[in-house]
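**Q** My questions all concern the structure below.
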Amino acid sequence: MKLVILLLVMLAAVASADKYTTQYDNIDIDEILSNDRLYKKYYDCLMGKGKCTPDGQELKKNMPDAITTDCSKCSEKQKVGSQKVLKFMLDKKESDYTNLEKVFDPTGTYRKKHAQS
């Protein structure tokens, strides 16, 4: 019986590792994108030029994997949010996007995949 419980706990741990944490899914992305000061703090965090909030650190940690796997470990809310941020950056902050791309996606894979979106 103890072995069954241990196996169930191990399976639950493995299953939860297949997704990114949803702890920060309630962050107001629109507020960040509409506030230059907040936007710059997150951008500087990702570029390694400033302190990161806990959610910014989580984003920075997961970004390379999310780009490589096309956000396959993202929750639905994270996928929608990442598309919103991508569109915002490409439309209004293209030089910032290009700088992030050099760090996290130097081959431009993500931009090519979503150019038609």
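The values are calculated or read from the model by the stated rules, or taken from the named source; none is laboratory data. The model shown is predicted, which means the values in this text are computed figures rather than measured ones. A quick note on method: Cβ atoms are made from the backbone with ideal geometry, for glycine too, and the neighbour counts reach across all protein chains shown. Surface accessibility is based on the protein's heavy atoms, side chains included, excluding ligands, DNA and RNA. Shrake-Rupley method; radii C 1.70, N 1.55, O 1.52, S 1.80 Å.
**Q** Of these, Leu46, Leu59, Leu90, Leu38, which one is among the aliphatic types (A, V, I, L, M) and in contact (Cβ under 8 Å) with a residue 40 or more places away in the chain? Write out each step before concluding.
**A** Numbers: Leu59 fails: in contact (Cβ under 8 Å) with a residue 40 or more places away in the chain; Leu90 fails: in contact (Cβ under 8 Å) with a residue 40 or more places away in the chain; Leu38 fails: in contact (Cβ under 8 Å) with a residue 40 or more places away in the chain.
Going through Leu46, Leu59, Leu90, Leu38 in turn, the sole match is Leu46.
**Q** For region 66-95: of the residues being out of contact with any helix residue (DSSP H, G or I) (no Cβ under 9 Å at 6 or more places or on another chain) and at pLDDT below 90, which is most open to solvent (accessible area, probe 1.4 Å)?
**A** Within region 66-95, the match that is most open to solvent (accessible area, probe 1.4 Å) is Lys87.
**Q** Looking only at residues in region 29-65 that are of a type in the set (S, T, N, Q) and assigned to a helix (DSSP H, G or I), which one is modelled with the lowest pLDDT?
**A** By that ranking, first place goes to Asn62.
**Q** Still on this structure: Being open to solvent by 50 Å² or more (accessible area, probe 1.4 Å) and among the charged types (D, E, K, R) is the filter; apply it to region 51-64 and report the residue that is farthest from Asp25 (Cα to Cα).
**A** It comes out as Lys51.
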